[in-house]
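The values are calculated or read from the model by the stated rules, or taken from the named source; none is laboratory data. Predicted model, so just to flag it, every value in this text is computed and none were measured. Please note: Cβ atoms are built from the backbone with ideal geometry, for glycine as well, and neighbour counts cover all protein chains shown. Side chains included, ligands, DNA and RNA excluded: accessible areas come from the protein's heavy atoms. Shrake-Rupley method; radii C 1.70, N 1.55, O 1.52, S 1.80 Å.
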Amino acid sequence: MEGEERRKTRKLHRSKMLEKIADVAKSIEEAIHVDQVVSALHSVAVLVFPVDSSLVLGSIDQLCGEQERSSAEERSEQWEALYRGGVTFAALARVLLYDDATKWLPSFPASARKHVYDVFFVSGLPSEVIQSLVPCLRRSGNGGADVDAVSSNAERLLVCWLLENNGVLNMAREFDAMFYADGFTHQQLKPLVSRASQLVTSIPDKVQSKAPKALSSHLYFKKVTAQLLSGAEEFEMKMNEKASTSSIINSGGGLLFVGEVFSRICRRGSADILVSELVSHIRKHIGSYLCSNPQSKVAIPLKSMPGSLFWSVIIDAVADPYAVERMSEQLLHHLAKEHTPDEEAYWILWLLFHQSLERNPSVKSIFVDKFLMWKVFQLNCLRWILQVSVFMCPPNDGGQTNGVRSSSVLDTLQHLVEIWSKPEFVQSSPIEQQAYVTAAVGLCMEKVTKEELDSRESLLHSFLPGVSCRLASPNDLIRKMASNVALVFSKIIDPSNLLYLDESCKDEPIDWDFGSTLRKDYVSVKDSNHSVSVGKRNKQAGLESSETKLMEIDEYSDPATLKDGLVSEESDDEKTSNNWDASSESAMLPYDLADDDTDLKNNFSQLVDVVKALRKPDDPDGVERALDVAEKIIRACPDELRHVAGDLARTLVQARCSDLTIEGEEETAEEKRQGALIALLVTVPFESLEAVNNLLYSPNLDASQRILILDVMSNAAQELSIAQVVKPKPQKPRELVSVTSETQPWFLPRSVGPHGAGPWREIPDSESPLNWSYKYERELPLKSSHLKKGKTRRWSQKSKHLPDNCADITQNKFPVYAAAFMLPAMRGFDKKRHGVDLLGKDFIILGKLIHTLGICIKCAAMHPEASALAPALLDMLSSREVCHHAEAHVRKSVLFACSCILIALHPSHVASALAEGNLELSRGLDWIRSYAIQAVESDIDKECYAIAMACLQLHSEMALQTSRALETVETSSRTNILGLPPSNLTKESIIIPFSNIKY
């Protein structure tokens, strides 16, 4: 009966309130002065709020003073009727926000605005107020003056209510009251909480561009987070009064609202702002306690501290797994950025996540799955992750384990090793991720004992394949990963007999950060003397460099210095000949017969003796003396060189120099052997190449010998391409019969011009060692008006030791031998022989071979021979087994070779090929473009990406140059006077990237 009367009373109050609001709306509509508007609003405010009318000034004070007042109990009932009366407050908000009240608001005195207008929002029911204000916001300001005024007023009220008067915290308190006082369940609260949190977090996206700065995303979310965290102790106290267990099921509606708001803040990309405030509040909570309790084992006392329960439940309140992951990730980055000590970082993470890690499998999966295998953090973050989620102990706990902790470490280690040991992981994962997972494996292994390792047989079977596949990698960092893991493994198995696969691993403790390599860009451009120039960039605004550098692969030598650092071939021969003569004269001097042993060690003078000495492994002194003189004798070019070249090349390759030399001088011996082989290929290329190419795929050689052959071929090609010779200047005989046809080389400009013009001379270009076209100049005779009488002196830098009829000529001697270098090496690369499988286990040799072929074709740059060899090389590179090889080492070599092809081909040759209908070359160039684009878009290796970008730029520059050459060809074909059929230029097109032009 009493409840029925209460309902009738509420209904009556709601009716009266609606009537009052209608009267106020009518009064505002008929008002002709601002005092009348203020008086009308004051008549409602004094019924609901304890308004101090004396604060209202002037004539308004007199009008307001005559209005009736309400008691505290009556005001409470009127407040309930206004805000919990369904559409009652919505009707009043319509009057306040949209009707004529907004027009009068700028004329309100400050005190009247605060006490009779803003009070309806600041002191109202938060869930009703938010639903009235947010719909008033709009994004653009093109809706007219009234719409702008409504939006600006709503933004002002939101700042005043939400941020300055703790509106968000009051909203959380409202939901708390609904849970504890009104008996709402979580299921009943969820729709209301979700709607309110969605409105609160959407405000920065809906405000105008000229809105107050406090509503900007950064400042707004920072203040909202601070408000909600300031009620931590308040929420926890109510939760403890209801139930003793810390669970989100027993927590109030306030925590449910906090979790929903935090989830939406993370979803909107502001997790870093949330984490920054979160860490600041947690540090205030545990800072004083950690200072007074320096011991690590403070988990139980810390858990019982007032306010600690809130932090452990709040992660459960954030029900969105994505939001939890973003919060956790940003938290780790934030702690690392602030250089947080390990002890403090551990307790912050423990306070937030220890309960969720025990009860919530999704949170556990984030830490032990995503954060250990699919994300990449700094090493200190990795240690924190392992301490909290796997080791379950503070950093300086001393390594004591129990059954649960030991099982967690072994399970995690087994899961990591199963992925770490797969060759596919080494081939397809970025090097940062490989180093990160390797560090996780090593740190877990350091916590395992021999007995625990023996209990998991699968672990023992997975370690060896993982170490083996990394030791076979050409990357030093990957090999170091294997060495570190092998060292830790040996410490567990036999601490007295440690396994050092790398000298750098002897430092203690083990460097799991790998020399901070992961925090830097491990792709670096090699020294300028060993970098590859890839042409001139377009000199427009915004480009930082006028020259593109092509990245080197590993430490391969490079022909970047073509035409730079020229070496006089004949002067070297002269120097070598002088040394040879001196050696011969010293051999004829008389010597003491009693000291026969010393004289027997004189240097060899014949290549036959050198070969014999190299074939005697039981005489290391003889091998050493043979290596000392081999290169000098070869460069002296004796008569027997051509006859013994093949035999000498095979002997040098098969000699085990490092096994026969003194310890510590192995590299010197290898350098001498390599120098002799290079000299052999330079002086007698055809005879030496036949033997070397036959050895390349021989089953009797190991990987190091095959790599030696390829290195020697690269260096010899570069030396042949930069040869400088001194030739006598030909005395041109007087022509008795004139000819009309051009007799000059194809690469020189036409000789037409005024009478008396001098010959064309090449202009040296210091900017780039290779250009798309050579530059030439010549002297022209002065015009008659420019002739002046007088004396002239001509200065020259020509050496005075050279005769007048000699001239220095720099020529590329390599194109003559290019086919002999490249074609035999390409033949049969895809065949699997006994001991040789380039497409399989010998992928390092395959990458080296492709790199050598790229060097060779670039050494023939701007020569017709490059155009003849390019299709064969492109056919090899485009084979699926090569260009889509699983190893990044091979893909880098393919991209490098593609770049070399683009450098080597003269644009005029490409244009000629298109004009003649030769589609093979144009299809190959189009494949280079598509392959480079694919590498840029999908290749995970950073070096592949960088080389592919340089390759695309080269392709675009070449396409531009070719298009200009094609225009010339098309013009000449229109005026064909020889009657030849017109060229079919429309069959193929050259695409210029970033342009719609096709040629």
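Yes/no per residue for (1) touching a residue at least 12 places away in the same chain (Cβ under 8 Å); (2) open to solvent by less than 40 Å² (accessible area, probe 1.4 Å); (3) among the aliphatic types (A, V, I, L, M):
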residue	(1), (2), (3)
Thr683	yes, yes, no
Ser688	yes, yes, no
Ala691	yes, yes, yes
Leu696	yes, yes, yes
Pro699	yes, no, no
Arg706	yes, yes, no
Leu710	yes, yes, yes
Glu719	yes, no, no
Of all residues in the stretch 601-617, which are open to solvent by 50 Å² or more (accessible area, probe 1.4 Å) and either touching a Gly at 6+ places or on another chain (Cβ under 9 Å) or at pLDDT 80 or above (or both)? Lys601, Gln606, Val608, Asp609, Lys612, Arg615, Lys616
Counting only residues in the stretch 457-472 that are open to solvent by less than 10 Å² (accessible area, probe 1.4 Å) and under 26 Å from the mean Cα position of the chain (by Cα), the one farthest from Leu413 (Cα to Cα) is identified as Arg470
Can you find a residue in the stretch 399-420 that is open to solvent by less than 30 Å² (accessible area, probe 1.4 Å), small (Gly, Ala, Ser) and at pLDDT 90 or above? no
Scan the stretch 178-192 and give yes if some residue there is in contact (Cβ under 8 Å) with a residue 40 or more places away in the chain, part of a helix (DSSP H, G or I) and within 20 Å of Ser132 (Cβ to Cβ), otherwise no. yes
Which of the numbered conditions does Glu155 fail, given that it passes all the others? Conditions: (1) of a type in the set (Asp, Glu); (2) modelled with pLDDT of 85 or more; (3) open to solvent by 20 Å² or more (accessible area, probe 1.4 Å). (3)
With the requirement that a residue be assigned to a helix (DSSP H, G or I), touching a helix residue (DSSP H, G or I) at 6+ places or on another chain (Cβ under 8 Å) and open to solvent by 20 Å² or more (accessible area, probe 1.4 Å), what does the stretch 89-113 give you? Ala90, Ala91, Lys103, Trp104, Ser107, Ser111, Arg113
Filtering the stretch 928-945 down to residues that are open to solvent by 30 Å² or more (accessible area, probe 1.4 Å) and among the small types (Gly, Ala, Ser) yields Ser930, Ser938
Matching residues, the stretch 3-28, being within 14 Å of Val48 (Cα to Cα), touching a residue at least 60 places away in the same chain (Cβ under 8 Å) and open to solvent by less than 100 Å² (accessible area, probe 1.4 Å): His13, Arg14, Met17, Leu18, Ile21
Residue check: is Asp148 out of contact with any Leu (no Cβ under 8 Å at 6 or more places or on another chain), farther than 26 Å from Gln78 by Cα and modelled with pLDDT of 90 or more? no
Whether any residue in the stretch 640-649 is open to solvent by 20 Å² or more (accessible area, probe 1.4 Å), among the aliphatic types (A, V, I, L, M), at pLDDT 85 or above and part of a loop (DSSP other than H, G, I, E, B) is what I want to check. no
Against the condition more than 29 Å from the chain's Cα centre (by Cα) and surrounded by fewer than 18 Cβ atoms within 10 Å (Cβ to Cβ), how does Glu881 come out, does it pass? no
Among the helices (runs of 4 or more DSSP H) lying completely within the stretch 373-456, list those that include at least 1 residues that are more than 28 Å from Ser312 (Cβ to Cβ) and over 27 Å from the mean Cα position of the chain (by Cα). 403-420, 431-445, 450-454
Of all residues making up the stretch 820-841, the number that are open to solvent by less than 30 Å² (accessible area, probe 1.4 Å) and either outside any loop (DSSP other than H, G, I, E, B) or more than 24 Å from Glu887 (Cβ to Cβ) (or both): 6
Kindly check whether there is at least one residue in the stretch 859-872 that is part of a loop (DSSP other than H, G, I, E, B), of a type in the set (D, E, K, R) and either open to solvent by less than 20 Å² (accessible area, probe 1.4 Å) or in contact (Cβ under 8 Å) with a residue 12 or more places away in the chain (or both). no
Evaluate the following for Ser899: is it closer than 19 Å to Ser879 by Cα and modelled with pLDDT of 85 or more? yes
Limited to the stretch 884-903, what total is found for residues that are outside any helix (DSSP H, G or I) and hydrophobic (A, V, I, L, M, F, W, C)? 1
Considering only residues of the stretch 186-223 that are hydroxyl-bearing (Ser, Thr, Tyr) and surrounded by fewer than 16 Cβ atoms within 10 Å (Cβ to Cβ), which is farthest from the chain's Cα centre (by Cα)? Ser194
Residues located in the stretch 353-367, provided they are surrounded by 21 or more Cβ atoms within 10 Å (Cβ to Cβ), touching a residue at least 40 places away in the same chain (Cβ under 8 Å) and touching a Ser or Thr at 6+ places or on another chain (Cβ under 7 Å): Gln355, Val363, Ile366
